[in-house]
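Here is the structure we will look at.
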Amino acid sequence: MKNQGFALEVKDLTKVFGQLVAVDHVSFQVNQGEFFGFLGPNGAGKTTTIRMLTGIIRKNSGEAVVMGYPAGSIRAKQLSGVMPELSNAYLDLTAWGNLMLVRELYRMPANQAKERAVSLLQQLGLHERKDSLVSTYSMGMRKRLVLCMTILSNPQVLFLDEPTSGLDVQSVRFMRALLRNLKQEGKTIFLTTHNMDEAAEMCERVAIINHGKIVALDSPDKLSITAGRVYLVDVSFDKSVSLETLANLPGVNRLETAQAIEASDRLRAQQAMAGAGKPGGMGGGPGRTQPQMTVGSLAGTAQPGSPGEQRLVMAAGKIPGAEIVEEKKSDNRFRLYTDNTTLLVCSLVDFSRAHSLQMNILNVRPPSLEDAFVRLTEEKSHAK
Amino acid sequence: MQSSFGVLDQIIRSFAIVKKDMKIYYSKGQVILMGVLWPGFMFLSFAFGRQMPVETLMPGLIAVSIFFTCSAISPIVFPIESQARTLERLVSCPVSVWTILLGDMLASALTGLIISLIPILLSLVVGVTFVHPWVMLAGVLLSSLCFSAMALIFSFPATSSPAPIQMLSTLVKFPLMFISGIFIPLSQLPSAAKALSLISPLTYFTDLARYAVGGTSYYPALINLLVIIGFTVVFWIVAVSLHNRTLPTRV
């Protein structure tokens, strides 16, 4: 393969562990200076791919080139920085000791490296603790230190394996701001994350891997629209409305009530904070973004037959493929799902006029990357 | 940033691993215990009562001390780092597998050199004179490297637990101590034991150390030195080859 402005070129990359094909003839290219997301459910092959690209493990077949050099070669490693999901700093060394070890391993000029190390430690809020043993650091501090170690050598390509998972909100924001700065400096960033909002916000293109194969590769917006398909329409009325009537409006695929929306939003917020997909974290597998499921799992009060709850189970029978939605209690705020926004908005306007209602909110949101991710990974899982 | 990526470049990078190992693993009291006190007491328990002259006794103590120091820590560095995921950090840096091994070996050898000063000084205190001090120096240098290279082989199994590695290391080291002419000079060993002693690198350093102290040895000093170099090269090649094979499965 020839490097034509690509930071990464991967062709038919394959890794087999015993009987398991962890990465199955994966091919993609990443442009220099691009922020590239590599998404997939747990066990999809993300980390294995990163480990092959960074020379930590060997491929079984295929080709991988980093900045024009074979992945895993000394030259490719010199131009790369790797931040694994779990901290791999030396606990028995100080932060400064760890950074100076990296300096020597990369053969950086001492003065330049020390200046950069001080600057990075200050930026990441670790300078005051630079002489403390890493074993005394919190998880967030260790993660920040590992990022420091990763970017100290000023690598051209950064491989970041879930850099924000397990961090608090402030650290996540800080980490994202730092990554944006690195992108502005022209670095190529290869990011794996379970946080779809993060990927949609940060990445120019994303690849979705499932069962070791790339199932989609495009910009988050395009993927959301082409693969997510379903639009979200938030609507609120000034008076109570019949849920059944609303669910039967032309264009409604599915409907959620205020409680389900809150539960869904709460889930998203928790995902953003905790880093989704890990044991003990929220979500992680296909289906975690299904709002009607979150009503049951988060609110805990919408389970069928639970006492004291007003429940309404509706069939949105008018539209083929419409799903059953569980309801906790009536409210004037709804989230409607549609694949035909024009039809639905017209229906809502007609509905409001016919019932003398005023729409306080009418918000159309395109499908999210998360919707696309769930659809793509579910489709492939079912196909399998 | 340096642009060279040759052998010299990798050797220079290995010094970073030497420094790291010295700070993390070899600056601890455990090294003194494993390298001096434990082999020292064990040696004395076997040697006392045999009415060995100090010229025979002290070279044996020096040999045991270097042997145990150089082979005590380096075998467990790989499993420890594998468990702590720091090995993954090293592997992702622009260094080869042999660079990491070289760093570990040099750190171990350097510690062996430093620790060897203790029995050497003790020898001087008890009245031993080194008639060939340069031979002793060359022997200590080369055997430190040799024993450290041998210790690297012990750590090749892809485990992240130090216990099985330590067991393997002990299984090899102890028999070697008894067949290497430390407690019984080579000339007095039965012929079967003498034949076995040929496979132990410790045999040649012990013999060399006796030459450096008393001026006489079973094998010529040059042969001893060459055999130690030969063992070092073979151990190094075997260690690199085995680790190249197992490293991808342990990170």
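The values are calculated or read from the model by the stated rules, or taken from the named source; none is laboratory data. These numbers come from a predicted model, not from an experiment. Cβ atoms come from the backbone with ideal geometry, glycine included; neighbour counts cover every protein chain shown.
Being of a type in the set (Val, Ile, Thr) and modelled with pLDDT under 90 is the filter here; which residues of segment A:171-191 pass it?
Scanning segment A:171-191 gives a single hit, A:Val172.
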B:Ser14 vs. criteria crowded, with 16+ Cβ neighbours inside 10 Å, more than 9 Å from chain A (Cβ to nearest Cβ) and modelled with pLDDT of 75 or more: yes
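Do we find that B:Pro39 is more than 10 Å from chain A (Cβ to nearest Cβ), surrounded by fewer than 19 Cβ atoms within 10 Å (Cβ to Cβ) and at pLDDT below 90 in this structure? Step through it out loud before you land on a result.
Values: more than 10 Å from chain A (Cβ to nearest Cβ): yes; surrounded by fewer than 19 Cβ atoms within 10 Å (Cβ to Cβ): no; at pLDDT below 90: yes.
Here the answer is no, as B:Pro39 does not meet what is asked.
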Of the residues in segment B:23-36 that are buried (at least 17 other Cβ atoms within 10 Å of the Cβ) and away from chain A (no Cβ under 11 Å), the one that is modelled with the highest pLDDT is B:Tyr26
Filtering strands (runs of 3 or more DSSP E) wholly in segment A:1-67 for at least 1 residues that are surrounded by fewer than 20 Cβ atoms within 10 Å (Cβ to Cβ) gives A:6-17, A:20-31, A:61-66
Across segment B:142-165, the tally of residues that are part of a helix (DSSP H, G or I) and surrounded by 17 or more Cβ atoms within 10 Å (Cβ to Cβ) stands at 15
Flagged in segment A:1-42 as aliphatic (A, V, I, L, M), over 24 Å from the mean Cα position of the chain (by Cα) and closer than 26 Å to A:Arg75 by Cα, in numbering order, are A:Met1, A:Val16
Of the residues that make up segment A:62-71, is at least one among the acidic types (Asp, Glu) and more than 30 Å from A:Leu133 (Cβ to Cβ)? yes
Query raised in the report: Looking at A:Leu121, is it over 20 Å from A:Val30 (Cα atoms) and either part of a helix (DSSP H, G or I) or modelled with pLDDT of 95 or more (or both)?
Result: yes
Within segment A:104-120, restricting to residues that are charged (D, E, K, R) and at the interface with chain B (Cβ under 8 Å from one of its Cβ atoms), the one that is surrounded by the most Cβ atoms within 10 Å (Cβ to Cβ) is A:Glu104
Within segment B:75-109, the residues that are at pLDDT 95 or above, surrounded by fewer than 23 Cβ atoms within 10 Å (Cβ to Cβ) and away from chain A (no Cβ under 12 Å) are B:Leu106
The condition from (1) surrounded by 13 or more Cβ atoms within 10 Å (Cβ to Cβ); (2) more than 14 Å from every other protein chain (Cβ to nearest Cβ) that B:Pro53 misses is numbered (1)
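In segment B:196-239, how many are hydrophobic (A, V, I, L, M, F, W, C) and buried (at least 22 other Cβ atoms within 10 Å of the Cβ)?
9
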B:Ile199 fails exactly one of (1) touching a residue at least 60 places away in the same chain (Cβ under 8 Å); (2) part of a loop (DSSP other than H, G, I, E, B), namely (1)
Quick count over segment B:86-102, residues being touching a residue at least 40 places away in the same chain (Cβ under 8 Å) and part of a helix (DSSP H, G or I), is 10
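Can A:Ile209 be described as under 13 Å from the mean Cα position of the chain (by Cα), farther than 12 Å from A:Ser368 by Cβ and among the β-branched types (Val, Ile, Thr)?
yes
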